[in-house]
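Novice: Following this message is one structure expressed as structure tokens.
Nothing in this text is a laboratory measurement; each read-out follows from the coordinates by a stated rule. If you're wondering where the values come from, they're calculated on a predicted model, not measured in any experiment. When we count neighbours, we look across all protein chains shown, and the Cβ atoms used for this are built from the backbone with ideal geometry, even at glycine.
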Amino acid sequence: MASIAINTIAHSSESLEIPKEIQILDSKFNKVKSFWIQGGDAQNVDLDNGMYAVVMTLPSGQKLEEVIEIKSGLNKTINFNLANLSNHETHEWAHLSNQIADTSKSLTDSKYLGSWIRLWCFQDNIWRLKHMNISEFSSWDEDGVSYKLEEVEQQLQFLQVGGPRIPWRFVALPPSNNVMCLIKPNNGPTKVEHPFEITVTSDNWQAEAILTLLRNNATAKAKEVFDTNNFAERLLYNKVSNPTAAAIGGYYLLKFEKFDQLHNWARNLANWSDWLPDGSIIWAWQLIKQGRRTGGFDVNEVRKRFLEASQRGLPIYTEGLRLLWEGLKMLCYTNRDDEELKSALDRIGKYAEAADWSATVTTFNGADFSSPSKKSGRGTPRDTSNLVYIYDVPSKVLVDATSLTSDDVIEVISEEESPTRLQVSGSRLVEPNTGKSYKSIYEAVKKIDNLKTSKNWNVRSSNIDLDSEIDRFRKGR
């Protein structure tokens, strides 16, 4: 017998905190041990002599495998290196926690020019624009932007994404001290998939793993992780300090009808976090499911909670939107003259029809919150006061909002190429040698010099610091 130490190597602390399943198989492929690891500390396991396969499975479904021979008294170490699973350190968390495909598309392509995001919050029954706190630890790469959003408050908030050629889309943000969001070009067919693949997570990695596993129908794995030490119950118990993680725990317990662990805590979540629709939905469905076992439930209480949820805005999680829609349909079927229920069903039904059901957080297309639609408009909002450009800033915006003038010459300098010079002409950039005009700096340089990456570019003009101006547009400052 000997001991093996299982280490995880990753670029970031976030990646180490993502739960990972370890299975140890013997030479006949029988499962010898199975457990989950989290954090950066080595996991030590004692094994009898023989050949073994050690398999790590990530919430995304990716698997890594190492084969090892155990001999008496010879302790060994296995290093699972996750650092090569993503092209960028700052994208690593998304590739480990979700099924993210590498993309061959670039944010400098004309399709993504002028694409933007902005933040909405629900206050006093009104959706309002809000300033977005983008951390300095965010990163901008041609194949994706990884945002760290600081101090997302405990209120209903949605990220809106759009652009001149990008359909407007809304994505729920779970309140957290550290919300992470990856926006990257989608490799899927543009007539079927939204042009952007948007991945959102809070910093509660165990709760987020529940969502991912349930979305991927990996219910057996979810039970292995979260039935241990009643983790989902503890998430719900901590409803005051982290109500959105409590909602995830509640959805999990509700799905598997673990009523003894739900207690009446979902009711408390609904009452104490009166901004959160999800608590009301979980409590209503708990009453329904328990009532099916006992022979009846309080219809008035269920009705009250579904209406309460619909009045609070929209559920943060897709599972909540589905359950709210189904619950309202069920009540309307048996209460056909209830106009208040019918009105709520009509409103929520529009969001359900425009929803992306593959997302873990509520996601839908639409021109605004009152007009959800599968086919939403494109363009740039008239009010740009809280607008943040995702990557490539149109030259017209730079000319209109900075001190650039028609006398300015812009130089783009890279480590590999000689400087590229552009002349400002109206709202366009003109390449003096050819007279061709371009809509952005990145478009011009890539077409003129065929540069493959903008990572090491330095942009300057005779009048202003353009690097700083572009950075300001990207951070909404």
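Novice: With the dipole of region 272-321 worked out from charges on the C-beta (+1 for Lys and Arg, -1 for Asp and Glu) around the Cα centre, which of 321, 297, 309 lies farthest toward the positive end?
Specialist: 297
Novice: How large is the helix-only mean residue ellipticity at 222 nm for the chain, computed as the sum of -39500 (n - 2.57) over DSSP H runs with n ≥ 4, divided by its residue count, in deg cm²/dmol to the nearest 500?
Specialist: That calculation yields -9500 deg cm²/dmol at 222 nm.
Novice: Which whole-angstrom value gives the distance between the alpha carbon centres of region 1-51 and region 431-445?
Specialist: 54
Novice: What is the fewest-to-most order of 314, 47 by other Cβ atoms lying within 10 Å of their Cβ?
Specialist: Placing the least packed residue first, the sequence is 47, 314.
Novice: For residue 32, enumerate residues with amide H under 5 Å from its amide H, sequence gap 5+ or separate chain, H modeled in the peptide plane.
Specialist: Here the answer is 24, 25, 26, since their amide H atoms fall under 5 Å of that of residue 32.
Novice: Kindly write out, for region 7-20 in residue order, the coupling ³J(HN,Hα) from the Karplus curve 6.51 cos²θ - 1.76 cosθ + 1.60 (θ = phi - 60°), rounded to whole Hz, with x marking Gly and Pro.
Specialist: After applying 6.51 cos²θ - 1.76 cosθ + 1.60, I find 10, 10, 10, 8, 6, 10, 5, 4, 5, 5, 7, 5, x, 9 Hz.
Novice: Which of the trypsin sites (Lys or Arg not before Pro) found in region 163-209 are loop residues per DSSP with 11 or fewer other Cβ atoms within 10 Å of their Cβ?
Specialist: Details: sites: 165, 169, 191; in loops: 165, 191.
Listed in order of number, the matching sites are 191.
Novice: Enumerate the amide H contacts of residue 166 below 5 Å, restricted to partners 5 or more residues apart or on another chain; note that Pro and chain-start residues carry no placed amide H.
Specialist: Long-range HN contacts for residue 166: 379.
Novice: Express the Stokes-Einstein translational diffusion coefficient of region 205-365 in µm² s⁻¹, to the nearest whole number, given a Kirkwood radius over alpha-carbon pairs, 25 °C and a viscosity of 0.890 mPa s.
Specialist: 156
Novice: Please compute P(r) over all alpha-carbon pairs of region 184-224, binned at 5 Å starting from zero, and give each bin as a whole-number percent.
Specialist: Values per bin, smallest distances first: 6, 20, 18, 14, 20, 14, 8, 1.
Novice: What order do you get for 368, 48 when you list them from fewest to most C-beta neighbours inside 10 Å? Working shown, then result.
Specialist: Numbers: 368 14, 48 11.
Fewest-to-most Cβ neighbours within 10 Å comes out as 48, 368.
Novice: With viscosity set to 0.692 mPa s and temperature to 37 °C, compute the Stokes-Einstein D of region 89-201, Rh being the Kirkwood radius across alpha carbon pairs; µm²/s, no decimals.
Specialist: 223
Novice: Okay, moving on. Restricting things to alpha carbons, find the Rg to Rh ratio for the chain using the Kirkwood radius for Rh.
Specialist: Rg divided by Rh gives 1.03.
Novice: Continuing with this model, one more query. Taking the Cα centre as origin and putting +1 on Lys and Arg beta-carbons and -1 on Asp and Glu beta-carbons, what dipole magnitude results for the chain, to the nearest 20 debye? It would help to have the intermediate numbers written out before the result.
Specialist: Values: 56 positive and 62 negative charges, 299 e Å.
Using Cβ point charges on Lys, Arg, Asp and Glu, the chain gives about 1440 debye.
Novice: What are the chymotrypsin sites (Phe, Trp or Tyr not before Pro) within region 110-180 that DSSP puts in a loop, where the Cβ has at most 16 other Cβ atoms within 10 Å? Can you show the working numbers first?
Specialist: On the way: sites: 112, 116, 120, 122, 127, 137, 140, 147, 158, 168, 170; in loops: 137.
For chymotrypsin sites (Phe, Trp or Tyr not before Pro) across region 110-180 that sit outside H, G, I, E and B with at most 16 neighbouring Cβ atoms in 10 Å, the list reads 137.
Novice: Could you please state, rounded to a whole Å, how far the C-alpha centre of region 110-135 is from the C-alpha centre of region 250-267?
Specialist: If we compute the Cα centre of each part, the gap is 34 Å.
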